[in-house]
Amino acid sequence: MVKERGTASVSRSTYAFLNEHQGFAGLVDDGIVTLVRSKNAGAAIRAGAYVGSAHLEGFGTISIVPKIPGAFEALLEWAVPDDVRESVTPSVVGAGAPILDQFLTRFLDAMARYLTDGRRRQYDFRDRVGAVPHGRLDVRRTVKLESRGRAGVLAYRERHLSPANDLNRFLALALFAAEEYCASVGSPRQLARTRTYASLFEDVDWRGFVTAPLQRTLDLFQNADALTTTDFAHNAVQYGRALLLHLGAWPTDGSTGVTVPHSFFLNLETLFEDAVRNVLASVSPVAKGATLKRTMFTDLPGIYVADPDVVADVDECRIVLDMKYRDLKGGTPDNGAFYQLHSHAKTLGAAAMALVYPLEAAGDDAWTVRALGHTRDKIKSFVVQVDVSRIADGMIGAWYELRNQLRDEDRVRPTRIPHSRGARVDWRVEPNPPTFLPTWPFRDSKDPTGTLTRSTLFDY
């Protein structure tokens, strides 16, 4: 067992075994774990920003657990859709787990993009009979047909583009599993969407895999993933695999009847970004940078688009935020993180920018906000750290602290109201919360006056 973004010592023999293990090499290739060795610390396994476990043949199970207790549950709670977040007692395992709802939504989104680009097709051959051949003539079959009294027809092999490949079969099988899941939990909107997509895969011969052994399904997954050529197809296969194999967040001992796959990991970097954005969206209008479609170079439209994780407004200034789920060594972000965020801020005409990191240990403070000063082009910079196990308290508190520092006044303070996991956080702003009609200091052809109201932020 090793903590995410941490290390665990192993013996020399274990190091040598894992160094030659093909399954462990796959985890290394995916950036989930690495093997490290030094004179002082010896051999060790270092984990990335993932949570989960993998069963390695001949070795056992490698588990990566959250660094801070309760962090994974808090991130998962705020990274899933609203209707799941409002459940009274969300659980990370089982048929009604919020993780499956999240996978289902992302799977269907990826499927929509995959179908928009067109299903993967490949050339295949089929045997046909007709008066006029449309392919390579099969003399032997033609002679047999004539001997059976079917004179005047020819047998030939036709070459055609067919969608019947392992990628489409696997996606059809995943849609079948998604349909069963939607029907069991009572999600009519997702059920209708799933059945719409499933109707497009009736021509790929997938039903024979419904009752197939697990190993055959795993082989189908490997073949499907090898055929993906776009990120959308790859994402659809990965999320579909989780739904198809009915994954929970943690392995079971088999007593529940749930079949556990050989490996399962969640990327906490993605969950951290989604959770922070959803928390901020509950108290203030926010947008993802790419939705504004602002490019760094006017002569290269659609290229080098400014894409910070969050764009928001504080009175008369725009602020951009980037989430970094990594250790803040020395209390100061690395150069590359600030260079990237500064380019986003400059392109979007922001007056302030902030990097958001997780606190390394749970403590009394749910958040810290540190001002680094102004850049040479007058962009005010901050470093924010939040207790991931209290992501809602921490991020909302940090947000109001940023607002106060940007205004240079202290009249807006959040009032904490205890909340249980699964319920929204209720924050009161006292006294007299300000109105938000921001004016952002940049002009272009769409905005000659240099003023954008909040209502135009997300359409710009």
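Report yes if some residue within region 310-322 is assigned to a helix (DSSP H, G or I), within 23 Å of Ala366 (Cα to Cα) and in contact with a helix residue (DSSP H, G or I) (Cβ under 8 Å, 6 or more places away or on another chain); otherwise report no.
For region 310-322, residues assigned to a helix (DSSP H, G or I), within 23 Å of Ala366 (Cα to Cα) and in contact with a helix residue (DSSP H, G or I) (Cβ under 8 Å, 6 or more places away or on another chain): absent.
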TODO: Would you be able to say whether some residue in region 159-166 is in contact (Cβ under 8 Å) with a residue 24 or more places away in the chain, in contact with a Ser or Thr (Cβ under 7 Å, 6 or more places away or on another chain) and not basic (Lys, Arg)?
DONE: no
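Consider Ala352 carefully, then state whether it is under 23 Å from Phe297 (Cα atoms) and not aromatic (Phe, Trp, Tyr).
Numbers: under 23 Å from Phe297 (Cα atoms): yes; not aromatic (Phe, Trp, Tyr): yes.
Yes: the conditions hold for Ala352.
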Open item on the list: Need pairs with beta-carbon distance below 9 Å; first residue farther than 21 Å from Pro163 by Cα and within region 117-141, second in a loop (DSSP other than H, G, I, E, B); sequence gap 6+ or separate chains.
Closed with: Val129/Arg150; Val129/Val153; Gly130/Val153; Ala131/Gly152; Ala131/Val153
Task: Residues of region 126-183 satisfying the condition of being closer than 21 Å to Phe232 by Cα and among the small types (Gly, Ala, Ser) - done: Ser162, Ala164, Ala172, Ala174, Ala177, Ala178
Open item on the list: Can you tell me which of (1) at pLDDT 70 or above; (2) surrounded by fewer than 16 Cβ atoms within 10 Å (Cβ to Cβ) is the one Leu214 doesn't meet?
Closed with: (1)
- [ ] Report yes if some residue within region 124-137 is surrounded by fewer than 11 Cβ atoms within 10 Å (Cβ to Cβ), within 38 Å of the chain's Cα centre (by Cα) and assigned to a strand (DSSP E or B); otherwise report no.
- [x] no
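How do the strands (runs of 3 or more DSSP E) wholly within region 1-74 filter down when requiring 2 or more residues that are touching a strand residue (DSSP E or B) at 6+ places or on another chain (Cβ under 9 Å) and more than 30 Å from Val276 (Cα to Cα): which remain?
Numbers: elements: 7-9, 33-38, 42-47, 50-56, 60-65.
Strands (runs of 3 or more DSSP E) meeting the threshold: 33-38, 42-47, 50-56.
Residues being part of a helix (DSSP H, G or I), buried (at least 16 other Cβ atoms within 10 Å of the Cβ) and at pLDDT below 80: count how many of those fall in region 75-94. Steps first, answer last, please.
From region 75-94, those part of a helix (DSSP H, G or I) are 75-79, 82-85; that's our starting set.
Among the residues that remain, those that are also buried (at least 16 other Cβ atoms within 10 Å of the Cβ) are: 75-79, 84-85.
Within this subset, residues satisfying the condition of being at pLDDT below 80 are 76-79, 84-85.
Residues that pass the stated criteria total 6.
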Open item on the list: Step by step: first the residues of region 343-397, then only those that are among the hydroxyl-bearing types (Ser, Thr, Tyr) and farther than 21 Å from Ala49 by Cβ, then the one that is surrounded by the most Cβ atoms within 10 Å (Cβ to Cβ). Which residue is that?
Closed with: Thr347
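The values are calculated or read from the model by the stated rules, or taken from the named source; none is laboratory data. Given the structure is predicted, the values throughout are model-derived calculations rather than measurements. So basically every Cβ, Gly included, is an ideal-geometry build from the backbone, and we count neighbours across all protein chains shown.
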